[in-house]
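As structure tokens, the structure follows; a few thoughts come after it.
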Amino acid sequence: MLASVPLRSLIVDFNSFFASCEQQERPELRGQPVGVAPVLAETSCCIAASYDARRRGVKVGTRVDEARRLCPGITIVEARPAFYIQYHRRLIEIIESCLHVTDVLSIDEVLCELTATYAPREKAVARAHRIKAAIAREAGACLTCSIGIAANQFLAKVASDMQKPDGLVVLEDADVPARLLELEIADFVGIGRNMERRLRAHGIDTVRKLYAATKAELRGIWGGIEGERMYERLRGKDVRPAPQEHRTVGHSHVLPPSLRNETAALAVLHRLLQKAAMRLRHMGLYAGGLHVSMRHRAGRGWSDELRFNETQDTLQFTHALTQIWERRPGRGRAPFQVGVVLFNLVELPGHTPDLFTHEEEQARGRLHDVVDALNRAYGKNTVYFGGAHGATSYAPMRIAFTRIPQPEIEEIDPKQSKVIRPGKKRGPEAPSGDPPQPRVDAGRAGRPASAQP
């Protein structure tokens, strides 16, 4: 008889995180349907929805006008990324006081590995309840979370999704595969639409069939080692995800109606490019290519790219953008969305300086260090290159599924401000910059509470 697999992983998954932060900060929104959108426009989409809204059909990706139709009376709030990051950091501290945080998986999800002390079921469950109580006490009752406990990270994530909101599910060795059979194959991390189609093409359309497939069969369907990894993960083996490398650095932005012309779109592209270049330098990377895209309302658009000797120089990136922009097709059509991506990234040891421009590159590097420091100290766009003029207030900080931005890099760094302005007297210290006041749709604007995260 095989020995049972111990509990090793605990995942904390916050429920409707952005909407819950807004409800915690603003008591008048509690118990009400709330949607969070990047901008207050009917054509924008919800990036989060409270459970009151979800029960009426509003999901992530639902257009604002459709959300109003599905859920009359819904309050649409403009997203405040810096505010959510403040809550995120505070919640990490709270969880850490109860159980060591092994890895931050996203803005609303963390992994804690269970040591031998907490591996027994009763101790793991007690620790989960302690985490929930600490969050409610120190961050607020609106910040609920679902906790999954299992033998590995993969199954702990499955468990955290099985009971929402405010759930707690344990998947022990004896529960597998029986508890998994009630799920759909698309419920598993690593099985997106394309992989689901491939599985179904091979006759695997249920979790029962997926679990019964051999390691060799899954390797063939996945086309490599990931198929074997899925086989092992389903059985509770501690298969660690492959380390993630930075392959690209980029930003995109849906243009508001006032900027849906080519002149404004180009200015926004410059703003996005300067923002990406600053992040690239902070990460200690160099880029050897620039990809630019523009989409129109009908869904059509264009994209183009240019490769060059790897650099961190915003001016070189700007020259590349100008070349790409000059050869764009279909001029005159109103743009809807623009984006830039820096690719072919290398670290300093892999960077080969250009023989003829090395000294100029070093001088510009010192210039960019000063510009970046000034922007961190005094706020973004204190100093910027002229191409972004007129668009510096657009393309604000956004939170992606796989990246939590650093306000100290993209907005303002109070610590850097002290270094540059040591003699200036300041008032009481605010926690990493006060979050902006919320913007809501007309007719439902309420006065925000003064609570701090």
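The values are calculated or read from the model by the stated rules, or taken from the named source; none is laboratory data. Just so we're clear, the structure is a prediction, and the values are computed from it rather than from any experiment. Because the Cβ atoms are built from the backbone with ideal geometry, glycine has one as well, and the counts that use them run over all protein chains shown.
Can you tell me which of Ile11, Ile85 is crowded, with 21+ Cβ neighbours inside 10 Å and modelled with pLDDT of 95 or more?
After ruling out the rest, the residue left standing is Ile11.
Consider segment 64-82. How many of its residues are among the basic types (Lys, Arg) and at pLDDT 95 or above?
Final tally of qualifying residues: 2.
Hey, could you check segment 277-298 for residues that are in a helix (DSSP H, G or I) and in contact with a Phe, Trp or Tyr (Cβ under 8 Å, 6 or more places away or on another chain) and say which is farthest from Thr322 (Cα to Cα)?
Taking the candidates together, the pick is Leu280.
Of all residues in segment 249-272, which are closer than 10 Å to Gly339 by Cβ and either without any contact (Cβ under 8 Å) to a residue 40 or more places away in the chain or part of a helix (DSSP H, G or I) (or both)?
Passing the criteria: Val268, Leu269, Leu272.
Restricting the search to segment 176-190, which residues are crowded, with 16+ Cβ neighbours inside 10 Å and without any contact (Cβ under 8 Å) to a residue 24 or more places away in the chain?
Residue satisfying the conditions is Arg179 alone.
Do any residues in segment 14-35 that are within 20 Å of Ile147 (Cβ to Cβ) have Cβ atoms under 9 Å from those of residues that are part of a strand (DSSP E or B) and of a type in the set (Ser, Thr, Tyr), where the two are at least six apart or on different chains, and which pairs are they?
Filtered contacts from segment 14-35: Phe14/Ser146; Asn15/Ser146.
Restricting attention to segment 117-149, report how many residues are in contact with an Asp or Glu (Cβ under 8 Å, 6 or more places away or on another chain) and more than 16 Å from Cys21 (Cα to Cα).
First, the residues of segment 117-149 that are in contact with an Asp or Glu (Cβ under 8 Å, 6 or more places away or on another chain): 121, 132, 144-148.
Pick out the ones that are also more than 16 Å from Cys21 (Cα to Cα) and you get 121, 147-148.
Of the residues in segment 117-149, 3 are in contact with an Asp or Glu (Cβ under 8 Å, 6 or more places away or on another chain) and more than 16 Å from Cys21 (Cα to Cα).
Look at Met230 and say whether it is in a helix (DSSP H, G or I) and either of a type in the set (Val, Ile, Thr) or assigned by TED's automatic domain parsing to the domain that holds Leu181 (or both).
yes
Quick one: Leu255 ticks every box in (1) under 21 Å from the mean Cα position of the chain (by Cα); (2) buried (at least 23 other Cβ atoms within 10 Å of the Cβ); (3) closer than 21 Å to Arg331 by Cα; (4) among the hydrophobic types (A, V, I, L, M, F, W, C) bar one, so which box is it?
(2)
Residue-by-condition table, conditions (1) assigned to a loop (DSSP other than H, G, I, E, B); (2) charged (D, E, K, R); (3) out of contact with any helix residue (DSSP H, G or I) (no Cβ under 7 Å at 6 or more places or on another chain):
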residue	(1), (2), (3)
Ala116	yes, no, yes
Ala133	no, no, yes
Gly140	yes, no, no
Ile147	no, no, no
Ala156	no, no, yes
Ile204	yes, no, no
Leu210	no, no, no
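Read through the list (1) under 16 Å from Ile94 (Cα atoms); (2) touching a residue at least 40 places away in the same chain (Cβ under 8 Å), then give the number of the only condition that Lys157 fails.
Just one mismatch for Lys157, condition (1).
Please give the number of the condition Leu218 fails out of (1) touching a Phe, Trp or Tyr at 6+ places or on another chain (Cβ under 7 Å); (2) buried (at least 16 other Cβ atoms within 10 Å of the Cβ); (3) free of Cβ contacts under 8 Å to residues at least 60 places away in the same chain; (4) within 29 Å of Arg121 (Cβ to Cβ).
(4)
All but one of (1) surrounded by 14 or more Cβ atoms within 10 Å (Cβ to Cβ); (2) at pLDDT 90 or above; (3) out of contact with any strand residue (DSSP E or B) (no Cβ under 8 Å at 6 or more places or on another chain) hold for Glu326; state the number of the condition that does not hold.
(1)
Being touching a residue at least 24 places away in the same chain (Cβ under 8 Å) and surrounded by 14 or more Cβ atoms within 10 Å (Cβ to Cβ) is the filter here; which residues of segment 90-103 pass it? Spell out how you get there, then give the answer.
Let us first name the residues in segment 90-103 that are touching a residue at least 24 places away in the same chain (Cβ under 8 Å), namely 90-91, 94-95, 97-99.
Within segment 90-103, Arg90, Leu91, Ile94, Ile95, Cys98, Leu99 qualify.
Among the residues of segment 316-343, write down those that are among the polar types (S, T, N, Q) and either part of a loop (DSSP other than H, G, I, E, B) or in contact with a Lys or Arg (Cβ under 7 Å, 6 or more places away or on another chain) (or both).
Across segment 316-343, the qualifying residue is only Gln337.
I'm checking my understanding of the structure. Among residues of segment 25-52 that are crowded, with 20+ Cβ neighbours inside 10 Å and polar (S, T, N, Q), which one is modelled with the highest pLDDT?
Per the stated criteria, the residue is Ser50.
Can you work out which of the residues in segment 104-115 that are touching a residue at least 60 places away in the same chain (Cβ under 8 Å) and within 15 Å of Val5 (Cα to Cα) is surrounded by the fewest Cβ atoms within 10 Å (Cβ to Cβ)?
Glu113
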